[in-house]
Amino acid sequence: MSSEEYSITVRDVSKRYEIYDRPRDRLKQFALPRARSLAGLVPRNYFREFWALNSISFEVKKGEAFGIVGRNGSGKSTLLQIICGTLTPTLGEVRTNGRIAALLELGSGFSPDFTGRENNYLNAAVLGFERAEIDRRFDEIAAFADIGQFLDQPVKTYSSGMLVRLAFAVQVCIEPDILIVDEALAVGDALFQKRCFERMERLRSNGTTLLFVSHDQESVRTLTNRALLLRKGVMQTIGSSAETLLTYRKQLHEEENAAFDAAAKFLKDKALAAKAIGKQAQVESRGDAPLVASSQAPVEGDPEPAAEISRSAGLSFGDMQAEVVKVELFNAAGEPSSHFDPRDAVSIAIECVARCDIGHLNVGLRIRNKEGVKMYSWGTLNQDMAIRAGLREGPMFWDRDFKAGDRFTVMFEFLCGLGPNLYEIQATVAQEGKPYYAEQRMLHWVDEAAFFTVTTRADEYHFGGVLDLRMQAEFEGKE
């Protein structure tokens, strides 16, 4: 494929920063290495290297929607700034085809003493627009920003929400070839975010390339086709948005477990140290020989270390102390089925097995359409919360205890009510530290656990949209 078919080409891009421990080291770095070279000595650096990006390579086709995900500090913003040209890579190269509009750091590119109107003209001029063209588009920009009389006030008086409204309006209303959005929409209100997503979808349909960065995984899944995962400046994976986000969730899960393990070890070591100090004090008070505490000595009452459990590859992750082993769908007659009408009753059976003695479980599911939009998520904990609140009656699943090897099945029943589409079921079993969503530990998450389709008969029962609201019409008139 020729380079003309790509909007963005990134080749082996790396970015190094120099970290100085003391201000005077900067002056030393400026003068001493050069002096040592002139004297025939080996130059010495007075800084530590920090590589924010390491050998990043990818291509984005024209008109493609591409996502970048990763934790804070993974290098996402640095990469976007290099693509925009506001940073220079230490190694590698970036090529872009077309006019770039970027929404990066909040307020970047705005002069705080200029009014919103003046910044509008300034930004558009920087992007290469003549004043007459800006005049022609100004009303559209002002209407989209919707900040009223504040348009003629200095932007230093704006709230963060007003600032992002104006910035986004300027960038999208000029219809760029490449639109880059970096988490800036997080400060906008729900209605403005909806309008932004609608405008981005329209730009995409008109051929604009979208580079989108967000911590909102559902937004990335919905807006983009492919995605890249960064971790500490290194590219972890690149592929379809669904695959990349699954890898990202696994990464987050493993890092969360590592943090919990470190916290538990700290508390355990602290308790051991306190116990040793107490015993030492008792020995000294009796005048006995000193006690030497060993960190390797077993502690009475401590559980045996759990056996290493292999994690399943592919479309699942978790601690695996309980597993989802089977997911089945049934129709109203109790027969296995994968095809439903919006009026049908649906039953989803999720069978699990406990791998150790465990309790406080929550078995749940998530339903997504083929576009990746989450239609619904629910679990046994939701029902338990309603029982605790006195809104319904029955036993709480959260109170149940399971022995190693126990198999149990939870049946979820509902009226379909979904629009015609292909749907995916994600199944989960988690341990909840409290009887509400506050302390969750994922034991097993399974993507693509099952699929089903929904269709309607256009001549009998039909509606538009993703959900059947069971709407009815009433009217007056002659028979």
- request: May I ask you to say which residue of Gly92, Gly98, Gly67, Gly73 is assigned by TED's automatic domain parsing to the domain that holds Ala124, in a loop (DSSP other than H, G, I, E, B), farther than 23 Å from Gly128 by Cβ and modelled with pLDDT of 85 or more?
  value: Gly73
- line: Lys374: passes all of (1) within 29 Å of the chain's Cα centre (by Cα); (2) over 26 Å from Ser240 (Cβ atoms) but (2)
- request: Scan the stretch 381-422 residue by residue and report those that are β-branched (Val, Ile, Thr) and in a helix (DSSP H, G or I).
  value: Ile387
- prompt: Quick one: in the stretch 205-216, which of the residues that are within 16 Å of the chain's Cα centre (by Cα) and farther than 10 Å from Gly67 by Cα is surrounded by the most Cβ atoms within 10 Å (Cβ to Cβ)?
  reply: Asp216
query: Picking from Val373, Val325, which residue would you name as being more than 30 Å from Arg470 (Cα to Cα) and either among the charged types (D, E, K, R) or in the same structural domain as Ala450 (by TED's automatic domain parsing) (or both)?
result: Val325
Unique match (being in the same structural domain as Phe197 (by TED's automatic domain parsing), within 19 Å of Phe192 (Cβ to Cβ) and touching a residue at least 12 places away in the same chain (Cβ under 8 Å)) among Asp113, Asp146, Asp152, Asp139: Asp146
field: Residues (out of contact with any Cys (no Cβ under 9 Å at 6 or more places or on another chain), in a loop (DSSP other than H, G, I, E, B) and surrounded by 11 or more Cβ atoms within 10 Å (Cβ to Cβ)) located in the stretch 463-479
entry: Phe463, Val466
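The rows are residues; the columns are (1) modelled with pLDDT under 85; (2) part of a helix (DSSP H, G or I); (3) not assigned by TED's automatic domain parsing to the domain that holds Lys76.
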site: Ser7; (1), (2), (3): no, no, no
site: Asp25; (1), (2), (3): yes, yes, no
site: Phe30; (1), (2), (3): yes, yes, no
site: Arg36; (1), (2), (3): yes, yes, no
site: Pro43; (1), (2), (3): yes, no, no
site: Tyr46; (1), (2), (3): yes, no, no
site: Ser55; (1), (2), (3): no, no, no
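Listed here are the residues, each with its yes/no results for (1) of a type in the set (Ser, Thr, Tyr); (2) surrounded by 15 or more Cβ atoms within 10 Å (Cβ to Cβ); (3) in contact (Cβ under 8 Å) with a residue 60 or more places away in the chain.
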| position | (1), (2), (3) |
| --- | --- |
| Arg366 | no, yes, yes |
| Tyr376 | yes, no, no |
| Ala389 | no, no, no |
| Met411 | no, no, yes |
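The values are calculated or read from the model by the stated rules, or taken from the named source; none is laboratory data. Values in this document were obtained by computation on a predicted structure and should not be read as measured data. Every residue, glycine among them, receives a Cβ derived from its backbone with ideal geometry; neighbour counts consider all protein chains shown.
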